[in-house]
Amino acid sequence: MKSETNTPDAASVANDFEELTKQLAVLREDIAKLAKSVGATATKQGRDMGADIAEGFDEAQKYVERKGRSAEEQLETSVATHPFMAIGLAALAGLVIGALSRR
């Protein structure tokens, strides 16, 4: 009596191995394309983000300059309107700084 086994023959194994090798080559190509695409997208997004940040800094600088000028004008108006109060506040600030620096 001959025992039947379900073992594949050498030709079948060779075909399977060849097919698997082809599929792995295609997979490598797809992964390389995907990596290139992701890299290009990340580079573009990085450039866009850098431009947005630079624009934000420019806007912030202009805002601070406007507010600084406005505060300076308000201070000058306040000092011109109340000169004695300004002198008193300056003297008080000098005394406090002097007292703190002695310690």
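Could you check the spin-label model distance between VAL13 and VAL38? Points 7 Å from the Cα along Cα→Cβ, value in nm.
The two pseudo-label positions are separated by 3.6 nm.
What is the extension gain from SER101 to ALA25, computed as 0.36 nm multiplied by their sequence separation minus the C-alpha to C-alpha distance, in nm to one decimal? Mind dumping the intermediate values first?
Values: separation 76, 0.36 × 76 = 27.36 nm, distance 7.54 nm.
Gain on stretching SER101 to ALA25: 19.8 nm.
Only helical DSSP H runs with n ≥ 4 go in: add -39500 (n - 2.57) per run for the chain, normalise by residue count and round the 222 nm mean residue ellipticity to 500 deg cm²/dmol. If you can, show how the numbers build up before the last one.
Working: 2 runs with 92 residues, N = 103.
That calculation yields -33500 deg cm²/dmol at 222 nm.
How many percent of Cα pairs in the chain exceed 19 Å? Display every interim value, and only then the final one.
Numbers: 4077 of 5253 pairs.
When every Cα pair of the chain is considered, 78 percent fall beyond 19 Å.
FYI, it's all coordinate maths here, none of it is from the lab. Small disclaimer: the values here were computed from a predicted structure and weren't measured. Ideal geometry is used to build each Cβ from the backbone, glycine not excepted, and the neighbour counts take in all protein chains shown.
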